[in-house]
Every structure is written in C-alpha cells, then in structure tokens.
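Have a look at the structure below before the remarks.
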Amino acid sequence: MSPAPQAKGAPAGDGLPTPRRYAAIAALCFGTALVIIDGGVANVALPTIARDLHVGSSSVVAIVTVYQLMLVMLMLPFAGLGERIGLKRMYQLGQLIFTAATLLCFFANSLPFLLVVRAVQAIGAAGALAVASALIRQTYPAAQLGRGLGINSVIVSSSAAAAPTIGGLVLSVAPWPWVFASAIPFAIASLLLGRALPDTPPRDGKFDLTGAAMCAAMFGLTIGGAESAVHGDSPVVSAAIVALGITVGVIYVRRERATTVPILPIDLLGRPVIALSTLGGFTAFVASMTLLLSTPFRLTHEFGFTAAAVGAAIAPWPLTNMIVAPLTGWLSDRIPAGLLGGIGMAISFVALLLIAFMPADPSYFDIAWRMALCGSGFGTFLPPNARLIIGSAPRERAAAAGGLVSTVRLVGQTTGATLVAALLALGVGAGNVPPLVSAGLALVAGLCSLARLRPSIRDPKGVEADDAQPAVSVR
C-alpha cells in the first residue's frame with residue numbers, strides 16, 4: 001500500500017491528510033477506550049465472579065493484578081517489536097488479540113482459565129497501547145501534537161471513569177461474562193477504522209528476543225515481588241524475588257548500553273529533558289494513584305461517607321481532568337511544557353495540602369472543590385509532559401518514546417497502589433498521611449518540570465519538541 005499524499009501545504013511526514021486523519025484519530029480513540037474500559041470493568045465484577053466460580057475474594061483479585069503486571073512487562077518489548085514490524089500492524093494485531101481473548105471470556109468456567117484469558121487480553125492491550133502514542137505523533141501535524149495527546153488523555157481518563165458505571169449497568173441486566181464483552185463494539189470500530197492509520201515502514205534488523213525477555217523479567221520480578229511483600233505472608237521470599245528482579249535489571253541495563261536500538265530506551269533517557277520528564281511523570285502518577293486509592297478509605301472510616309457519597313466526592317477529579325487535559329494539550333504546542341508542568345504541580349501541591357487538612361466534618365462541597373482543583377493540576381501537568389517526551393525523541397524512536405510514556409504511567413500507578421497497601425498495613429492509610437505523601441511527590445514532579453525550562457530559554461516561542469521546532473536543540 002503506497003503512502004497517502006500529503007495534505008496541501010504540509011511538509012513531508014507532517015501528519016496525515018484530511019479526511020484520513022479524522023478516521024485515524026477515531027480508530028485510536030476507539031482502541032484506547034477498548035483497552036481502558038475492559039481493563040477497568042473487571043473491578044466491579046470481582047465479587048460476582050468470585051461467587052459464580054466459587055473462589056475466595058483474595059484469589060479473584062488476581063484477575064486485576066495479572067492484567068496490570070502483564071501490561072507493565074510487555075509495553076516496552078512490544079514498542080520495540082512495533083518498530084520492527086510497523087506501528088500500524090502492531091496496533092491492529094494487538095486489537096485483534098484483545099478482541100479474540102475477550103470473546104473467550106464467555107467460555108470461562110474456572111478461575112485458572114479466566115486468568116489465562118486475562119493474560120492474553122493484556123498481551124493484546126500491550127500491543128496496541130505500546131505504539132498508540134507513536135501513531136498519534138504520525139497522525140497529527142507536529143504543531144498539533146500536544147492537542148492530540150491531550151485528546152488521548154481525555155479518552156484515557158473518561159474511559160477509566162466510565163468503566164465502573166458500565167460494569168455496574170451490565171451486571172444489573174446480564175451475567176458477568178458480558179461485562180468483558182461491553183468493549184467489543186469499540187474493538188470492531190477500531191479495527192474497521194484502523195485502515196486509515198499511518199503506514200510507517202518497519203525498521204530493518206532482528207528483534208532482540210533476549211533483551212525483550214530480560215525487560216519483561218526485570219519489571220515482572222521487581223513489581224511482582226513488591227506486590228507479594230504487601231499482600232503475601234512471606235517477606236523473605238518477596239525480598240528474594242525483588243532482589244532477583246533488581247539483579248536482572250542491572251545486568252539488562254549494562255547489556256542495553258551496548259545496543260544500538262535498545263528496547264529499554266536508555267538512548268532517550270540519556271537526554272536530560274526526557275529523563276526529567278520521565279521522573280516527573282512517574283512521581284506524578286504515584287502521587288495521583290496514592291490519593292485516589294486512599295481517599296475512599298479516609299472518607300468512609302474517618303468521615304462516615306456512604307459508598308455512593310464517596311464516588312460522588314471523587315468524581316470532580318476525572319470530570320475536571322476531562323476539561324483541562326485537552327486545553328493544556330493545546331497550550332503545550334505554544335507554551336513550554338516545563339512552565340505548564342510547574343504550574344500544574346504547584347496547583348496540585350496546594351490542593352493536596354488542603355485535602356490533607358480538611359475540616360473535621362467536611363461537607364460534599366468541601367471535598368469536591370479540593371478534588372477538582374487537584375485534578376486540574378494533574379491535568380495541566382500530564383499531557384504536556386507526555387508531549388515533550390514523545391516530541392523530543394527522534395521520529396524513528398517514537399514507538400520507544402510512546403512505550404516509555406505508557407510504562408511510566410503503569411509503573412507509577414502500580415507503585416501508588418502498592419504504597420497505599422503498605423500505608424494501610426501500617427495503620428496510617430486512612431488518614432491524612434497519604435495526601436501528605438502525595439504532596440511531597442507532587443513537589444518533586446514540579447521541580448523536575450521547572451528544571452526543564454533551561455533548554456527552552458533559547459526558544460522564545462516556547463516550543464520545546466524538536467519535531468515541532470527542528471532548529472531548536474533539545475538536550
């Protein structure tokens with residue numbers, strides 16, 4: 001298939017022409033919604049699944065943890081594979097695997113079989129998500145990259161927010177296998193529209209299977225060991241698993257340094273602007289997940305809120321994020337990401353302190369406006385941060401940069417969940433300690449963001465990514 005002609009007046013390689021661009025955007029939106037919704041609806045169905053499959057509550061939680069762990073393990077290897085076989089092919093293949101695995105949920109009559117199906121679902125989801133950001137970069141003109149990533153952030157946050165509602169509605173009228181099937185319409189739409197996705201040529205060279213296996217083992221052992229330390233009853237074994245993961249990681253990093261195109265993007269992390277953005281993104285995701293997971297416990301135990309009231313109190317966060325994220329994505333095409341990120345984390349830092357020191361008997365409004373303020377701060381930080389990572393990478397390494405963004409998000413969220421579990425085990429997870437910890441993490445993210453202003457001093461227009469401003473060197 002020959003490449004589509006460029007839009008009139010657009011430079012070569014500068015996004016897809018219209019109307020093909022709109023079809024590609026729709027495909028990416030449906031595909032992202034597919035994996036996010038189907039990954040989140042399972043949380044609501046866990047009690048029902050445990051009852052129907054006659055397993056304990058602690059065992060059924062593995063349906064969620066297996067999915068998350070497989071995503072973290074496979075994101076970077078699949079980003080590297082996408083560079084070798086083509087981004088479009090990798091994305092469509094991931095969608096196809098995910099859809100087929102989702103259909104297999106109808107035949108699950110035991111927990112082991114369902115866990116295998118969820119693992120296959122995660123393989124497909126990782127294949128699609130690993131190259132989604134790179135395809136966004138190829139779809140939008142360089143000057144609109146921030147806008148595209150902002151829209152993608154809205155899809156992610158709104159899908160995550162809608163997943164519990166969709167799951168609850170489906171469970172009220174149908175058996176639990178239909179919960180997983182609720183995302184199939186998105187899959188069909190994404191596969192049909194996916195023909196419009198940009199045709200990126202595959203990179204020459206052999207795929208590094210050994211490096212991919214070591215990357216997956218590094219994340220799997222380290223994160224899996226940390227999870228078992230919190231939820232298990234054998235700290236010695238958990239510590240040994242974590243130590244093994246760290247050892248594999250040290251050997252792997254040394255090996256990757258000698259690789260021309262590493263799966264673990266050490267070449268990109270060697271750029272201070274990307275390294276700072278990665279560290280800032282990681283701490284921001286840990287901070288947000290720490291607050292979001294601990295707040296229901298605090299509202300229930302300390303303030304006596306009902307489950308419905310807890311959901312309503314937290315809802316302003318994703319709702320505000322849906323408004324702020326596309327706006328800041330658009331602004332990041334014009335204003336330095338370092339400045340936007342610093343402002344965003346300053347807002348979140350103040351909001352987190354206000355959440356930590358709420359009144360003794362807070363009303364719904366007391367909590368809601370604080371959550372909205374906090375959500376707006378993270379919404380101001382995250383899209384420009386992702387835009388800078390992806391836009392600062394060479395075009396041929398866009399998939400690796402996108403995989404890095406997704407991996408940072410997943411590892412940060414998993415770390416936040418583990419941190420909350422640890423705080424709860426210590427007896428301080430249902431008070432004001434988690435928001436204070438989140439405030440400290442937000443401060444670190446804000447400092448990382450402000451530190452990136454140095455390369456933008458030479459750019460009076462405030463455009464940092466070299467893809468949008470080729471004359472500007474991002475170091």
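Points to keep in mind about this one:
- Per-residue extension of 0.36 nm, minus the Cα-Cα distance of I266 and W369, leaves a gain of 33.0 nm for this segment.
- Segments 102-115, 313-326, 76-89 sorted - mean Cβ within 10 Å per residue, highest first: 76-89, 313-326, 102-115
- Accessible area expressed per residue, the range 16-198, with surrounding protein chains retained (probe 1.4 Å, Å²): 35
- The range 209-262, relative contact order [Cα under 8 Å, separation at least 6], %: 40
- Accessible area per residue for the range 209-262, computed on protein heavy atoms with a 1.4 Å probe, is 55 Å².
- In range of the label at R203: residues from the range 132-171 whose backbone nitrogen is under 19 Å from the point 7 Å along Cα→Cβ: 132-139
- Across all Cα pairs in the range 16-198, the calculated P(r) in 10 Å bins from zero up to the longest distance comes to 10, 38, 33, 14, 4, 0 percent per bin.
- Sum of -39500 (n - 2.57) over DSSP H runs of 4+, divided by residues of the chain (222 nm, nearest 500): -25500 deg cm²/dmol
- Full-extension gain in nm, V64 to V253, via 0.36 nm per residue minus C-alpha separation: 65.2 nm
- Accessible surface, per residue, of the range 264-458 when the full set of protein chains is kept, probe 1.4 Å, Å²: 35
- Only protein atoms count toward the accessible area here, which uses a 1.4 Å probe; on the range 264-458, the carbon and sulfur part of that area reaches 76 percent.
- Whole-percent carbon and sulfur share, accessible surface of the range 209-262, 1.4 Å: 71
- Rounded if a/c under 1.5, otherwise prolate or oblate - the range 307-457, Cα gyration tensor axes: prolate
- Highest-first arrangement of 341-348, 214-221, where packing means the average Cβ count within 10 Å: 341-348, 214-221
The values are calculated or read from the model by the stated rules, or taken from the named source; none is laboratory data. Bear in mind that the values here come from a model prediction, so they are computed numbers and not experimental data. Every residue, glycine among them, receives a Cβ derived from its backbone with ideal geometry; neighbour counts consider all protein chains shown. Quick note on the areas: whole protein, heavy atoms, side chains included, nothing else; ligands and nucleic acids left out. Shrake-Rupley method; radii C 1.70, N 1.55, O 1.52, S 1.80 Å.
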